[in-house]
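Chemist: Mind having a look at this structure? Questions to follow.
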Amino acid sequence: MGSSEVYEFEEQMCRQIGHYLSAPRQFAMPNDKPHYPPDKQYRLLHLKLEVKVNFDDKSIEGIATHTLTPINDGTTHIEFDAKDLAISSVSEDKRQLKFSTQNDKLKVDIGRSAAAGDEIVVTTKYTAKPYAGLYFVEPDKGYPNKPVQVWSQGEDENNRYWFPNYDFPNERFTSEMIISVPSKFFALSNGSLAGMTEKNGIKTFHWKQEAPHSNYLITLAAGEFEETTDVSEIVPVAYYHPKGRKADALRAMGNTPDMLKFFSQNIGVKYPWAKYAQICVADFIFGGMENTSATTLTDTILHDEKAHLDYSSDPLVAHELAHQWFGDLLTCHEWAHAWLNEGFATYFQALYEEHHLGVDEFRYDMLQKSEAYFREDRERYRRPIVERTYHDPIDLFDRHLYEKGSLVLHMLRRTLGDKLFWRAMNNYVARNAGRNVVTSDLQRAAEEVSGRSLESFFEQWVFKTGFPEFKVRYSWDDKSNTVHLSVAQTQNTDDKTPVFNMSIDVLFVTTAGKQSFTVEIKEKEHNFYFNLKENPLMVSFDPGNWVLKTLDFERPKEMLFFTLKNDEDCTGRIAAARAIGKLGGAEAVSELTAALMNDPFWGVQSAAARALGEIRSDEALNTLIDGLKLKHPKARRAVVSALGEFKQDVVSRALRPLLENEESYFVQAEAAKSIGKNRSPEALKILQSALSKDSFNDVLRSSIFDGMSELRDENALLVLKEWSTYGKPMRARESALSNMGRVAEYKQDKRDVLDVLTDTLEESFLRTKLSALDSLRVLKDEAAIPAIERLANREKDGRVVRRAREVMQQIRQVRDRGEDVKRLREELERQSDESRKLKERMESIENKLNSK
């Protein structure tokens, strides 16, 4: 073997080592299987559910009456989904029926052979102490101020834990719920309030949902709430919130009437339910849940005037309201197509933002959505939007489903144009109202109104994976007055990730004005030539950032400077700021300084601040310190974050006053993070001194712990351990738990930290378990695997199960890769040794020949 071959082998070994350390994971995990809709025995017409809630022992007594018709002749048995329900009897017209329970099913022998279309009314009496689906909240020694509440969360398939049902989205039926609770409580469910009675200290609410809906959308929420009504010309609107927080509730949900009007007018189908109620509950395990006519929201959206400076719950409120059409009126036929629920709600939230706040806020939001999706694609996995191989349906509720789904709709809007897009939305909703849908229903509705063939569009964006990764190069030819753009798609392509086919707009700005072209991209590489009268001042590839993509676009620095000052599109100015930050130097600092201080949109100011933080020069530092005076709190927040990139003492001195006196909670919180990143000798003391301060959702304490994790100081670990204990404010506790791993990563003996984290996995709180798993993921210690495995086997929340499985997989991969890397390095050393010996032999032979 020649020495050149040894060098090639060494390079190959290094590439393999890098692959073993950074190989991306697949979405599907070991033992995940394809899922399809179940066979249907019957058509469910109506569910009457009577529930008595017993708060003392966290139990319910229930009577579920199902009215249904068999699909086939000769039906003798009926099955319902039922998980850990204590069934006492099943009857039909007072005739007792035989039944059995196994494999999470209630199987009922109806005692006869029913024909297709016969109406059967089955009544099931049962009790339950649910550990999923229906959740009880109460005060305890650690949290004595918690309210007494009960609330349900049916999505995806968890209502089976508190009543027998058909627990899959592809069936729709009317329902009613009769809820009995102590007299001091209010109880909310779907539909209209048909009646309320009170007797012997028990209040009974009777709710009727007269329009059909899917099982997971059935809701129950009860507790002591104050009702605030709002004025809407569309439908009665009510907000239910803790007593004494009316002002906070109006801040959080007060734009609901305007949202109702916007969605009804633009979709062209009026809000479809009898009322719209929003109820804010404690310890909710999601941000919100779009139950038909009665959305459940986390009470953490309720906020004071200080938080309102730079926080809004409008995105969540609009998202859940949009679901009343997309998800409720039209419901995905199966979870594989759940983007038709979540992608739509995510995009329509952004559309309301465009209506309410303007195009800059809208485009910035869409940019943030794309970057959230890119992070998941880069750091976790890549999958098609429509995916049926999973462990639990909740596995699908990710950035691909929400953010990428919304970005696909955004591209559909560009493809069709605004007028046809809204006609397509109206056609899709009107023709499918009250039905279950799959992606082809949307495609068909859009094709009908536009005449466009959209097969390729949906194939590449919904059923394939990934996105185009563009590399664009610009040149100007003075002789021919021609711009040359070379455009390449650099993504790795295979049978899953294609070369994408699309049109892209290209905008040129010259002294004479604007000139726009549309190019068709169908190949991996293209060369486009544009005849202009003069060298352009600005070139924009996809102005408005309509297409989901990454873009590496090299342009002359003068063009970048012009773009940052003059591009009407905020995303173009943001891209220019980022590119200028990579240039560095005095000119770049000067241009970014002007943008930071003068750009009319805070999003561009933020991009300029981050770019200055990347440059890290003294001039950039001085500019950022001046930027602490910016008016917009979100721009100030970005400035504070960028200052965390500097290690000079002046940074800590500039940031410390913000912990004491700053009008924005979030700027204060960012200051805590940056003080930690600055790592001044006094940083830990400064951060500890601010722990006594309360803030909206404990954002300040949470960020203090983020800052402490940057210090790599074991003394910080003592603080985190203290604040991770049961009874500490929950949001602060979650942050302490999630940051412990980052500090303990540098600790020789991690056993005490592992004990804290694995003990937390035994708790009932969703978010603390997820926080502990975050730290265990960082530590990657095999000693934690048994505790994580126990959690994965017993946990009922699919998000915890998925996270636990991922963390175990990562720990094992690190172990396996370590062994593989060790073997590779040993082989590399062996080959290098052989090369050295060969070289010595050759030199010896050469010396002997020379000596002759």
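The values are calculated or read from the model by the stated rules, or taken from the named source; none is laboratory data. The model shown is predicted, which means the values in this text are computed figures rather than measured ones. In this analysis, Cβ positions are derived from the backbone assuming ideal geometry, glycine residues included, and neighbour counts consider all displayed protein chains. Only protein heavy atoms, including side chains, enter the accessible area calculation; ligands, DNA and RNA are left aside. Shrake-Rupley method; radii C 1.70, N 1.55, O 1.52, S 1.80 Å.
Chemist: Using modelled amide H (1.01 Å from N, peptide plane; none on Pro or chain starts), what sits under 5 Å from the amide H of Glu226, excluding residues fewer than 5 places away?
Modeler: HN-HN under 5 Å from Glu226: His241, Lys243.
Chemist: A further question on this structure: Under a Cβ-only charge scheme (Lys and Arg +1, Asp and Glu -1), can you give me the dipole magnitude of region 646-706 about the Cα centre, in debye to the nearest 20?
Modeler: 320 debye
Chemist: Full extension from Asp618 to Asn266: what is 0.36 nm times the residue separation minus their Cα-Cα distance, to one decimal in nm?
Modeler: Contour length minus the Cα-Cα distance gives 121.6 nm.
Chemist: So if each residue of separation counts as 0.36 nm, and I subtract the Cα-Cα distance between Arg95 and Asp505, what length gain in nm does that give?
Modeler: Fully extending the segment from Arg95 to Asp505 adds 140.6 nm.
Chemist: Sort the following peptides by mean Cβ neighbour count (other Cβ atoms within 10 Å, averaged over residues), highest first: 563-576, 532-545.
Modeler: Going from most to least packed, we get 563-576, 532-545.
Chemist: Sticking with this structure for a sec: Treating the beta-carbon of each Lys and Arg as +1 and of each Asp and Glu as -1, no other charges, what is the dipole magnitude of the chain about its Cα centre, to the nearest 20 debye?
Modeler: 500 debye
Chemist: Charges on Cβ only, +1 for Lys and Arg, -1 for Asp and Glu, centred on the Cα centroid of the chain; of Phe80, Asn697, Ala792, which one is farthest towards the dipole's positive end?
Modeler: Farthest along the dipole direction, towards plus: Ala792.
Chemist: Distances over 15 Å make up what percent of all Cα-Cα pairs in region 479-529?
Modeler: Within region 479-529, distances greater than 15 Å cover 57 percent of Cα pairs.
Chemist: As an exercise, use a Förster radius of 41 Å and the Cβ-Cβ distance of Glu198 and Ala430 to find the FRET efficiency, rounded to the nearest 0.05.
Modeler: About 0.45, to the nearest 0.05.
Chemist: If you don't mind, another one. On a 0 to 90 degree scale, rounded to 10, what angle separates helix 570-583 from the longest Cα axis of the chain?
Modeler: Taking Cα atoms only, the helix is inclined about 40 degrees.
Chemist: How big is the dipole moment of region 352-482 about its Cα centre under a simple scheme where the beta carbon of each Lys and Arg is +1, that of each Asp and Glu is -1, and everything else is neutral? Debye, nearest 20, please.
Modeler: 360 debye
Chemist: Specify the angular offset, from 0 to 90 degrees and rounded to the nearest 10, of the alpha carbon long axis of helix 649-660 from the longest principal axis of the alpha carbons in the chain.
Modeler: Here the helix axis deviates by roughly 20 degrees.
Chemist: Here is a further query. Ignoring ligands, DNA and RNA, how do Trp546, Trp325 rank by accessible area with a 1.4 Å probe, largest first?
Modeler: Of Trp546, Trp325, the descending order of accessible area is Trp546, Trp325.
Chemist: Further question: Compute the Rg to Rh ratio over region 376-416 from the alpha carbon atoms, using the Kirkwood formula for Rh, and round to two decimal places.
Modeler: Across region 376-416, the Cα-based Rg/Rh ratio is 1.04.
Chemist: Averaging sequence separations of C-alpha pairs under 8 Å and six or more residues apart, then dividing by the length of the chain, give the relative contact order as a whole percent.
Modeler: Normalised by residue count, the contact order of the chain is 8 percent.
Chemist: Right, another one. With a sphere of radius 13 Å drawn around the Cβ of Ser674, what net charge do the other residues whose Cβ falls strictly inside it have (Lys, Arg +1; Asp, Glu -1)?
Modeler: Result for the local shell: +4.
Chemist: Also, quick follow-up: I'd like the distance separating the alpha-carbon centroids of region 233-272 and region 315-365, in whole Å.
Modeler: 15 Å
Chemist: Okay, next question. Taking 0.36 nm per intervening residue step and subtracting the Cα-Cα distance, what contour gain separates Lys246 from Arg679 on full extension?
Modeler: 151.6 nm
Chemist: For region 738-807, what D do you get in µm² per second when you plug the Kirkwood radius from alpha-carbon pairs into Stokes-Einstein at 10 °C and 1.306 mPa s?
Modeler: In µm²/s, the coefficient is 135.
Chemist: Moving on to the next point. Skip the ligands, DNA and RNA, and give the accessible area per residue of region 597-642 with a 1.4 Å probe, whole Å².
Modeler: Heavy-atom accessible area per residue stands at 42 Å².
Chemist: Measuring from label point to label point, each 7 Å out along Cα→Cβ, what is the Lys629 to Lys129 span in nm?
Modeler: 6.5 nm
Chemist: Counting pairs of alpha carbon atoms under 8 Å apart in space and at least six apart in sequence, what relative contact order in percent does region 365-473 give?
Modeler: 34 percent.
Chemist: May I ask you to give the solvent-accessible area per residue for region 500-553, in square angstrom, as obtained with a 1.4 angstrom probe?
Modeler: 50 Å²
Chemist: Right, another one. Once R0 is set to 30 Å, what does the formula 1/(1 + (r/R0)^6) return for the Cβ-Cβ distance between Gln813 and Glu834, expressed as a FRET efficiency to the nearest 0.05?
Modeler: Once rounded, the FRET efficiency stands at 0.45.
Chemist: Have a look at Val121, Met259, Leu97 and report the one farthest towards the positive end of the charge dipole of the chain, computed about the Cα centre with Cβ charges (Lys/Arg +1, Asp/Glu -1).
Modeler: Leu97
Chemist: Note the angle between two axes, namely the Cα long axis of helix 798-851 and the longest principal axis of the Cα atoms of the chain, as a number of degrees from 0 to 90, rounded to the nearest 10.
Modeler: 20 degrees
Chemist: State the percentage of accessible surface on the chain attributable to carbon and sulfur atoms; use a 1.4 Å probe and exclude ligands, DNA and RNA.
Modeler: 46 percent
Chemist: Also, quick follow-up: How many Å² of accessible area per residue for region 668-734, probe 1.4 Å?
Modeler: I get 38 Å² per residue for this part.
Chemist: Which residues' amide hydrogens lie under 5 Å from the amide hydrogen of Ser59, considering only partners 5 or more residues apart or on another chain, with H built in the peptide plane?
Modeler: Here Asn54 satisfy the definition.
Chemist: Rounded to the nearest 0.05, what FRET efficiency do Glu714 and Glu587 have when you use their Cβ-Cβ distance and R0 = 41 Å?
Modeler: 0.40
Chemist: If you count the DSSP beta bridges with both ends in the chain, what percent of them are antiparallel, to the nearest 5?
Modeler: 80 percent
Chemist: What ranking do 632-641, 83-92 get when scored by the average of other Cβ atoms within 10 Å per residue, highest first?
Modeler: Highest-to-lowest ranking by the protection proxy: 632-641, 83-92.
Chemist: Contact order normalised by length for region 293-379, with contacts defined as Cα pairs under 8 Å and 6 or more residues apart; what percent is it?
Modeler: Relative contact order of region 293-379: 23 percent.
Chemist: Taking amide hydrogens as modeled 1.01 Å from N in the peptide plane, which residues meet the under 5 Å criterion relative to Arg435, leaving out close sequence neighbours?
Modeler: It is Thr331, by chain and number.
Chemist: Among 749-756, 220-227, what's the highest-first ranking by average C-beta atoms within 10 angstrom per residue?
Modeler: 220-227, 749-756
Chemist: For semi-axes √(5λ) of the Cα gyration tensor in Å, which listed value, (i) 58, 31, 24; (ii) 49, 34, 32; (iii) 80, 40, 25, comes from the coordinates shown?
Modeler: Identified label for the calculated read-out: (ii).
Chemist: Please give me the summed charge of the neighbours of Trp339: other residues whose Cβ is under 12 Å from its Cβ, Lys and Arg +1, Asp and Glu -1.
Modeler: -2
Chemist: Show that you can apply the helix-only estimate: for the chain, add -39,500 (n - 2.57) for every DSSP H stretch of four or more residues, divide by all residues, and state [θ] at 222 nm to the nearest 500.
Modeler: -13500 deg cm²/dmol, from helical runs alone.
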